[in-house]
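Data block below; observations after.
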Amino acid sequence: MAEAAAQEERYGEFVAVRRHGYVAEFVLDRPKAMNAVSSAMAGAIGEACVALSADRDVRVVVVTSSHERAFCVGADLKERNSFTDAELLRQRPVARAAYTGVLDLPMPTIAAVHGFALGGGFELALSCDLIVADATAVVGLPEVSVGVIPGGGGTQLLPRRVGAARAAELIFSARRLEAAEARELGLVDQLVEAGRDRTEALALASRIAANSPVGLRAAKRALRLGHGLDLRAGLEVEDAAWRSVAFSGDRAEGVAAFNEKRTPQWPGE
C-alpha cells in the first residue's frame with residue numbers, strides 16, 4: 001500500500017484517486033458517514049471525474065470504498081433535511097454532475113461493491129460498466145420510501161440492466177436485495193467471496209488495461225451510443241467507432257505485435 005499511498009491524489013476531503021499502473025482506483029472516502037453523498041462529496045466526485053476523463057494514461061477506473069461495511073448509502077439525508085427548497089434546487093446540479101461524471105468516464109469503469117449500496121450509492125455503481133460485488137453486498141433503490149425517486153440515473157440505468165418490468169418492481173417496492181439475488185437478477189455482474197470485491201475488481205481491471213486504450217475507449221463509446229438503437233443505426237455507430245481506431249497507432253502496433261508474437265506496446269493514440 002506504500003506505493004498506492006505515494007501515488008494518491010485527493011479531491012476535497014472525501015475522494016481519493018490511487019494509481020495502479022494504468023488502473024485508477026477511485027476511492028469513496030467518507031467513512032464516518034458510510035460514504036453518504038453530501039454536497040461537498042458530490043462536488044469532489046465530479047471534480048475527480050473531470051480530471052480522470054482528461055488523463056490519457058488511465059485505461060480503466062475502479063470505484064471502491066474505504067468503509068468496511070458499505071460501498072455508499074446514498075444521499076446525505078441529514079444534510080438534505082436542513083435544506084430549504086431553494087438550497088435543494090441549487091444543490092441538484094452538483095449532485096447530477098457527480099453521477100453523470102462517473103457515467104461519462106470515457107474508459108471502462110468497474111464498481112467494487114461490499115456492504116450497503118443503496119439509493120445514490122447503487123446509482124454510482126450502476127453508472128459503471130461492470131459491477132463486482134462480494135457476498136456481503138446489499139443493493140437497492142429505496143428512494144420512493146422517503147418521498148423522492150432515484151435521481152442519479154437509477155430509473156434509466158436499472159431497466160437497461162434488468163428490463164422495464166423488473167426495474168419497476170424493484171423501484172416501486174423500494175426493496176433491498178442481498179448479494180445472491182442481486183447476481184441472479186443481473187443487478188451485479190460478478191459475485192465474489194466476502195472481502196474480495198476490491199481485489200477481484202482490480203484484477204479484472206488489470207486484465208482489461210492490458211488491451212489497447214484507444215480500442216477500449218472506442219468500444220465503450222460504441223456500446224453506450226448504440227444501446228437502444230435499432231440494429232441498422234447501431235451498426236452505423238459501430239462503424240464510426242471502428243473508423244476512429246482503424247488508422248490509429250494502437251491498431252498498427254496491435255497487428256504488428258500479433259504477427260511478431262510479442263506483447264503490444266500501446267502508443268495510446
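Things to note:
- Close Cβ contacts (under 6 Å, 6 or more residues apart or on different chains) running from residues in the stretch 29-41 that are at negative phi to residues that are of a type outside the set (A, V, I, L, M, F, W, C) and assigned to a helix (DSSP H, G or I) comprise Val37/Gly120; Ser38/Glu79; Ser39/Gln91.
- Matching residues, the stretch 64-94, being of a type in the set (Val, Ile, Thr), in a helix (DSSP H, G or I) and crowded, with 18+ Cβ neighbours inside 10 Å: none
- Unique match (being over 25 Å from the mean Cα position of the chain (by Cα), outside the structural domain of Ala70 (by the TED database) and charged (D, E, K, R)) among Arg232, Arg224: Arg232
- Which listed residue, of Leu126, Leu157, Leu141, Leu170, is touching a Gly at 6+ places or on another chain (Cβ under 6 Å) and crowded, with 18+ Cβ neighbours inside 10 Å: Leu141
- Top-ranked residue of the stretch 177-227 - restricted to ones that are basic (Lys, Arg) and under 30 Å from Ala246 (Cβ atoms), ranked as most open to solvent (accessible area, probe 1.4 Å): Arg207
- Within this structure, Val23 passes the test of being modelled with pLDDT of 95 or more, farther than 21 Å from Tyr99 by Cβ and buried (at least 21 other Cβ atoms within 10 Å of the Cβ).
- Some residue of the stretch 203-210 being within 25 Å of Glu253 (Cβ to Cβ), outside any loop (DSSP other than H, G, I, E, B) and β-branched (Val, Ile, Thr): yes
- Restricting Ala70, Ala48, Ala33, Ala4 to those that are at pLDDT 95 or above and over 18 Å from the mean Cα position of the chain (by Cα) reduces the list to Ala33.
- Checked against the criterion of being touching a residue at least 12 places away in the same chain (Cβ under 8 Å) and part of a loop (DSSP other than H, G, I, E, B), the stretch 156-163 has no qualifying residue.
- Residue check, Ala97 at pLDDT 95 or above, under 19 Å from the mean Cα position of the chain (by Cα) and in a strand (DSSP E or B): no
The values are calculated or read from the model by the stated rules, or taken from the named source; none is laboratory data. Since the model is a prediction, treat every value here as computed from it, not as a measurement. Don't worry about glycine lacking a Cβ; one is built from the backbone with ideal geometry, like all the others, and counts go over all protein chains shown. SASA here: full protein model, heavy atoms, side chains in, ligands and nucleic acids out. Shrake-Rupley method; radii C 1.70, N 1.55, O 1.52, S 1.80 Å.
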